[in-house]
Amino acid sequence: MRHPRLAVSSLLALTLLVSGASAAPGPGPVPASLSGVLPAPAQAIPDRHTTFPLSRDTAIVAAGASTPVAERLAEAFRPATGFPLPIVPSASGNAITLVLADTGLGDEGYRLDVRADGIEVRATRPAGLFAGVQTLRQLLPAEIESTTVQKRDWVFPGGQIVDRPRYAYRGAMLDLARHFHEPAEIRRYIDQISRFKINHLHLHLSDDQGWRIRIDSWPRLTDIGGAKGTGVRGIGGGYLTKNDYRALVRYAADRFVTIVPEIDMPGHVNAAQVAYPELTCDGMAPRPRIDIRVGYSSLCAGKEVTYRFAEDVIRELAEMTPGPYLHIGGDEAHSTPHADYLRFVERVLPLVAKYGKTAIGWQEIAQAGAARDAVVQHWNHEWDTGPLVASGAPVLMSPANRTYLDMQYDLLTPGGLHWAGTIEVRAAYDWDPGRLLSGVPEERVFGVEAPLWSETLRDLADIEFLAFPRLVALAELGWSPRATHDWPSFRARLGAYGPRWTRLGVRFYRSPQVRWSS
C-alpha cells in the first residue's frame, strides 16, 4: 500500500513552480451546459431554445426530508447572487423545486429538468437530491463560487438530465497517521470531494508513525501515539478526540459522505506497540519511528492480549461510527509469519461483524477464508491477484498505479512519491474498473477509491495539489456509465472547471494535458 522509496523533487521543479511556468494558455470561459458536468451524467438532453433565469424573486421549494438539501443549495447560491432565495413549501412558478418521489433511479439517482418557468430536481432519496444539486451548481458560471455579490445575470441552460451512479461506493482516503490533518482541513476536503459525488471518506487513523483516534480503553494510544513529535520526520502530531470524530461524521453525513475508519492490523502497528509494549511478542517497547519504511512491525498472533486489544478498538470505533463499514487494514504485514497472519485475520474479521459492521481490508486479507464476508480492497498492481479472485468477495478498486493520489504527476512536481510510477491526469482517467482484473467481473466490483497517503503532506494546500484534478477523474470512473468514458470530453470539461477552483482558493495542479479556461 505504501512503499519506502521517497521521491525527491528536483530544484528545477521548484524553480518552475516559483517562476509560474505552466501549460500553454487555454481558451476563454466556456458557457455552462448540461453536457459540461463533472462527473458526466448518464443522460443529458439539452434544450438550446430554453433557459431559466435566476432572479431576486426565485424561491426554493422543499418540505420534509428535502429541506436540508434545499438549505445547502441556498447557502451555495446566496453569496454571489445576493438573492434571498427563500425556502418555501410551494410556489406557482419561478422556483427551484426539490421533490422526493420514486424515480426508479435508486437511492442516489435523480432527474433534473430546467424549463423556462422553473427547475425541478426529483429523486427517490435525499442523497439523490443532493447529487442533483451538485449538478445544478455546475450549470451556472464559475462566478457563482464567489463569496461576494457579482453584478451579472444568472441563467441556467435548458434541458433534462437523468442520472444515476455506476457504483454505489465512490471513495477518497486520507492518511492522518503519517501526518495529522486538523478537523478543519478534513471538513474542507469533504466539501470539495462531495461536489463530485464522492460519497465515502476513508480515514487511515493508525500506522507506525502515529495513532490518531482516541480509544478510551487504551488511552496511551493517543497520549503517546498522538503526541507532539509523532508523524513522518516528527512533524504532524495530534489526534481526534471522540467528539472531534463524531463531529466529522455528522459534517460528512450532512453532505452525504460516509466516514470509513481504518485501524491497520496486524502490521503498521509500531505506534501502538510504543504505547503498549505488551502488544509485542517479547514485551519490549520498540523505538518510535518517524521514517517512511514499511513492513517491520507486527502484532503477536499467539498472545490473547492482541485480540483483546483488537476487539476493544473495533468496539469503540463501531460505537461512534454510524456508517456500515470498518476497515481493518491487513496490508504489508511482512514481519508476520504467514500462518500467524491467517490466524489473526480469521479471528479479527468476525469481530467487525460482531459489532454490526462490514469489514473492509487491503487485498492481502483475501488469503483468509473469512474474507469472503468482507470487502477486499485491491491496491498492489504487482501482487498475485489469485487469492483475491478466489475469495469471491466484493472488490474495491484502488490500483496504486492509477488511483494513488500521493504519486507524483511527473518527476518534477513537488511532493509525493513515485514507487508506483507517476500518474498524470490521463493515466488516472484511462482505465475501466469493471475490466481491470481478470477473474473479477463487473458485478463483483464494489466501487472505486482514491487513497492519499501523507508521507510528504504538511497542510491543506498539499492535499489539494495532489488530489485535484486527478480525484475528479476517479470520481467520473465511479459515477458515470462506461459509455460516457471519453478522454477528449473529460479534458474539456475539466479545463472549464478550473476557474471554479481558482475562485474557491483550491491549489490544484494545472496539468499540461488539459487546456485550462482562464
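The values are calculated or read from the model by the stated rules, or taken from the named source; none is laboratory data. Every value quoted in this text rests on a predicted model; they were computed, and no experiment measured them. When we count neighbours, we look across all protein chains shown, and the Cβ atoms used for this are built from the backbone with ideal geometry, even at glycine. Side chains included, ligands, DNA and RNA excluded: accessible areas come from the protein's heavy atoms. Shrake-Rupley method; radii C 1.70, N 1.55, O 1.52, S 1.80 Å.
Within the stretch 125-133, identify whether any single residue is more than 25 Å from the chain's Cα centre (by Cα) and hydrophobic (A, V, I, L, M, F, W, C), and answer yes or no.
no
Restricting attention to the stretch 271-314, the residues that are closer than 27 Å to P350 by Cβ and among the β-branched types (V, I, T) add up to 6.
All of R347, R308, R293, R287 fail the test of being part of a helix (DSSP H, G or I), surrounded by fewer than 16 Cβ atoms within 10 Å (Cβ to Cβ) and basic (K, R), apart from R308.
Report yes if R233 is surrounded by fewer than 24 Cβ atoms within 10 Å (Cβ to Cβ), out of contact with any Phe, Trp or Tyr (no Cβ under 8 Å at 6 or more places or on another chain) and among the charged types (D, E, K, R), otherwise no. Judged against the criteria, R233 is a match.
Only one of the numbered conditions (1) under 24 Å from F256 (Cα atoms); (2) out of contact with any Ser or Thr (no Cβ under 8 Å at 6 or more places or on another chain); (3) surrounded by fewer than 18 Cβ atoms within 10 Å (Cβ to Cβ) is violated by P324, and that is (2). Scanning the stretch 361-386 for residues that are closer than 13 Å to S398 by Cα, open to solvent by less than 10 Å² (accessible area, probe 1.4 Å) and either modelled with pLDDT under 95 or β-branched (V, I, T) (or both) gives V375, V376. Filtered by the rule that a residue be assigned to a loop (DSSP other than H, G, I, E, B) and either of a type outside the set (S, T, N, Q) or over 32 Å from the mean Cα position of the chain (by Cα) (or both), the stretch 101-122 gives A101, D102, G104, L105, G106, D107, E108, G109, A116, D117. Scan the stretch 135-163 for residues that are under 19 Å from R255 (Cβ atoms) and open to solvent by 10 Å² or more (accessible area, probe 1.4 Å) and report the count. Within the stretch 135-163, residues that are under 19 Å from R255 (Cβ atoms) and open to solvent by 10 Å² or more (accessible area, probe 1.4 Å) number 4. In the set T422, T413, only one residue is modelled with pLDDT under 95 and farther than 22 Å from V260 by Cβ; that residue is T413. Residues that are touching a Ser or Thr at 6+ places or on another chain (Cβ under 8 Å) and either within 16 Å of L38 (Cα to Cα) or of a type in the set (A, V, I, L, M) (or both) within the stretch 118-129 comprise I119, V121, A123, G128, L129, listed in sequence order. Beta carbons closer than 6 Å, at least 6 apart along the sequence or on distinct chains, pair a first residue in the stretch 418-435 that is part of a loop (DSSP other than H, G, I, E, B) with a second that is of a type in the set (G, A, S) for H418/A7; A420/A400. Scanning the stretch 30-48 for residues that are open to solvent by 80 Å² or more (accessible area, probe 1.4 Å), in contact with a strand residue (DSSP E or B) (Cβ under 9 Å, 6 or more places away or on another chain) and at pLDDT below 95 yields P31, R48. If you go through the stretch 59-100 and keep only what is open to solvent by 10 Å² or more (accessible area, probe 1.4 Å), over 16 Å from F256 (Cβ atoms) and assigned to a helix (DSSP H, G or I), you end up with G64, R78, P79.
Which of the residues belonging to the stretch 456-472 are touching a strand residue (DSSP E or B) at 6+ places or on another chain (Cβ under 9 Å) and either assigned to a helix (DSSP H, G or I) or open to solvent by 10 Å² or more (accessible area, probe 1.4 Å) (or both)?
Correct list: T456, I463, L466, A467, R470, L471.
Scanning the stretch 477-493 for residues that are open to solvent by 40 Å² or more (accessible area, probe 1.4 Å), of a type in the set (A, V, I, L, M, F, W, C) and not in a loop (DSSP other than H, G, I, E, B) turns up at least one hit.
Every residue, every condition in (1) farther than 18 Å from V305 by Cα; (2) part of a helix (DSSP H, G or I); (3) β-branched (V, I, T), yes or no:
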site	(1), (2), (3)
D331	yes, no, no
Y341	no, yes, no
A353	yes, yes, no
E364	yes, yes, no
A370	yes, yes, no
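For the stretch 500-518, filtering for residues that are open to solvent by 20 Å² or more (accessible area, probe 1.4 Å) and touching a Lys or Arg at 6+ places or on another chain (Cβ under 6 Å) leaves 1. If only residues of the stretch 161-170 that are assigned to a strand (DSSP E or B) and touching a helix residue (DSSP H, G or I) at 6+ places or on another chain (Cβ under 8 Å) are counted, the one that is nearest to D47 (Cα to Cα) is I161. Per this entry, L112 is not counted among residues that are closer than 17 Å to R78 by Cβ and open to solvent by less than 10 Å² (accessible area, probe 1.4 Å). The set of residues in the stretch 88-109 that are hydroxyl-bearing (S, T, Y) and over 25 Å from D57 (Cβ atoms) contains only T103.
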